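As structure tokens, the structure follows; a few thoughts come after it.
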Amino acid sequence: MTQVDVLLGLQWGDEGKGKIVDVLSPQYDLIARFQGGPNAGHTLEFDGKKFVLNTIPSGIFNEKTMNLIGNGVVIDPIILKRELDNLKAAGHDPVAKGKLVIARKAHLILPTHQLLDAANEQKMGKDKIGSTLKGIGPTYMDKTGRNGLRIGDTTLPDFKDRYNKLVEKHKEILSHYDFEYDLTEKEAAFFEAIEFIKSIPHVDSEHFVNGYLKEGKTVLAEGAQGTLLDVDFGSYPFVTSSNTTTAGACTGLGIAPNKIGNVYGIFKAYCTRVGGGPFPTELENEVGETLRQVGHEFGATTGRARRCGWIDLPALKYAIMLNGVTELIMMKADVLDGFDTIYACTHYEHNGETIDYMPYDIISVRPTPVLKAIDGWKTDVTKVSKIEEIPAKLNEYIAFLEKELEVPVKYLSVGPDRVQTLELN
Ligand code: GDP
Ligand code: IMO
Ligand code: MG
């Protein structure tokens, strides 16, 4: 029996998961998204074209690969329909090709979940999470609060009654906020999208994925967000509302822990964060601005400027431990091409101590990063296509990271396009 490989982000999201899942997808029979929702924006580039996927797994452009939206995902039908309409307009129709299925147990994001997200963020003012306003938090709250509606419910005769019952509850909560809204348009779009989504096959993801494994087929689980946004282990409360870690692949697809194979941990050669919350290595200066401009660090979903900083090794070690990472994937090395010197945070100074782990409270006391200077490679690596062409100083940076993190770097990404990817030894 085969096992499920997992690919997930080790930082605060936007590491380049979409690109690499697309690159790896020819090796897999099934790509399965296991958590998050349209708060995700996964970018893929090939043949001069660029696509951003929110809900749809990033294996969709590979001819032979099946794609599953797992039970751990929260689905906004309006956004999913829009994603599929855009793909169709660009000549890709995974539904017609029978390459996309959805878990019956995946929860639905209602228009009122988005309103609740927005009302809550507005009320929090400067303390807001900086959510993507896609209704993620309120939808997962209804899931764990046992109120939620699921994809499988859409085919029940009393779906509309169930919907109305939940919306009444939401309206009651909204009445306590100073928040104006008009649901009419959104509601019409929601029901139109629900009808459309009925045309995508609904499956029980637990049986679907385990069936693939039983037949000896290969499966890659695609994470969204990143480890430091995990609801249990991230920089709480500045996190998302799902488990973004390997454990989330088990609950988000219905697979047992002993079915997990390789765990690919993906990270940028530096670090970014979008939204509020602590970020020990953040550079609120010209260097941060250079990383943002060179790396085009603007959100794929919301367009917001991403905060930028140096690579954070204590945070990466923590993420590797939590996920059981077996192979690392380093992205966006090219963004550092122009730097004479780059820096890596090896430790933190925190409450008078030097530590190499993430302490419980990094919010009221911001840890001071202890930085190690590293020579830059001062070479354009975007056209490097063979490992022999990798500049020596970049190889030294990779060797340094492998030694610190005790996990090999298997892939190196030197540009946004599919072809700008190198497999290392
Ligand atoms: P995801 O959410 O993890 O899939 O990542 P995003 O798509 O949100 O953000 C990654 C961004 O970096 C996208 O704009 C990608 O096209 C781009 N990207 C991915 N890999 C590289 C790389 O190696 N170099 C550069 N310059 N850009 C990259
Ligand atoms: P991908 O999959 C980066 C951040 C938001 C906010 C916090 C909570 O593209 O890497 P939410 O809408 O989930 O309630 O927001 O999490 N966030 C992301 N940041 N990449 C993402 O996804 C993100 N999804 C959510 O900015 O700080
Ligand atoms: Mg993204």
Conditions (1) within 16 Å of ligand 2 (Cβ to nearest atom); (2) modelled with pLDDT of 95 or more; number of the one not met by GLY299: (2)
Among (1) surrounded by fewer than 22 Cβ atoms within 10 Å (Cβ to Cβ); (2) under 21 Å from LYS332 (Cα atoms), LYS64 falls short only on (2)
Which pairs do you get when a residue that is over 13 Å from ASP375 (Cβ atoms), found in the stretch 332-358, comes within reach of a residue that is at pLDDT 95 or above and within 16 Å of ligand 3 (Cβ to nearest atom), reach meaning Cβ atoms under 6 angstrom, with the pair 6+ apart or on two chains? LYS332/LYS268; LYS332/GLY295; VAL335/GLY295
GLU404: over 30 Å from VAL52 (Cβ atoms) and in contact with a strand residue (DSSP E or B) (Cβ under 9 Å, 6 or more places away or on another chain), yes or no? yes
Subset of the stretch 364-413 [among the hydrophobic types (A, V, I, L, M, F, W, C) and without any contact (Cβ under 8 Å) to a residue 24 or more places away in the chain]: VAL365, ALA392, ALA399
Give the residue that is farthest from VAL294 (Cα to Cα), with candidates limited to residues of the stretch 355-404 that are of a type outside the set (Gly, Ala, Ser) and assigned to a strand (DSSP E or B). ILE355
Of the residues in the stretch 259-307 that are within 16 Å of ligand 1 (Cβ to nearest atom) and of a type in the set (Phe, Trp, Tyr), the one that is nearest to GLY125 (Cα to Cα) is PHE298
Tell me the residue from GLU388, GLU396, GLU404 that is away from ligand 1 (no atom under 16 Å from the Cβ), surrounded by 15 or more Cβ atoms within 10 Å (Cβ to Cβ) and either under 27 Å from the mean Cα position of the chain (by Cα) or not hydrophobic (A, V, I, L, M, F, W, C) (or both), please. GLU404
Taking the options ALA344, ALA319, ALA373, name whichever one is within 16 Å of ligand 2 (Cβ to nearest atom), at pLDDT 95 or above and either surrounded by fewer than 20 Cβ atoms within 10 Å (Cβ to Cβ) or of a type outside the set (Lys, Arg) (or both). ALA319
Mind checking which residues of the stretch 136-149 are buried (at least 18 other Cβ atoms within 10 Å of the Cβ) and without any contact (Cβ under 8 Å) to a residue 60 or more places away in the chain? PRO138, ASP142, GLY148, LEU149
Go through ASP340, ASP334, ASP356, ASP361 for me and flag whichever is charged (D, E, K, R) and in contact with a helix residue (DSSP H, G or I) (Cβ under 8 Å, 6 or more places away or on another chain). ASP356
Does ALA90 satisfy the condition of being crowded, with 22+ Cβ neighbours inside 10 Å and in contact (Cβ under 8 Å) with a residue 40 or more places away in the chain? no
When residues of the stretch 11-32 are limited to those that are assigned to a loop (DSSP other than H, G, I, E, B) and away from ligand 2 (no atom under 11 Å from the Cβ), the one surrounded by the fewest Cβ atoms within 10 Å (Cβ to Cβ): ASP29
By residue number, the members of the stretch 48-68 that are more than 12 Å from ligand 2 (Cβ to nearest atom) and either among the polar types (S, T, N, Q) or part of a strand (DSSP E or B) (or both) are LYS49, LYS50, PHE51, ASN62, THR65, MET66, ASN67, LEU68
Of the residues in the stretch 33-47, those that are within 11 Å of ligand 1 (Cβ to nearest atom) and in a strand (DSSP E or B) come to GLY36, HIS42, THR43, LEU44, GLU45, PHE46
Please verify whether THR346 is within 27 Å of VAL414 (Cα to Cα), within 28 Å of the chain's Cα centre (by Cα) and part of a strand (DSSP E or B), treating the condition exactly as stated. yes
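The values are calculated or read from the model by the stated rules, or taken from the named source; none is laboratory data. If you're wondering where the values come from, they're calculated on a predicted model, not measured in any experiment. FYI the Cβ positions are ideal-geometry reconstructions off the backbone, even for glycines, and counts take in every protein chain you see.
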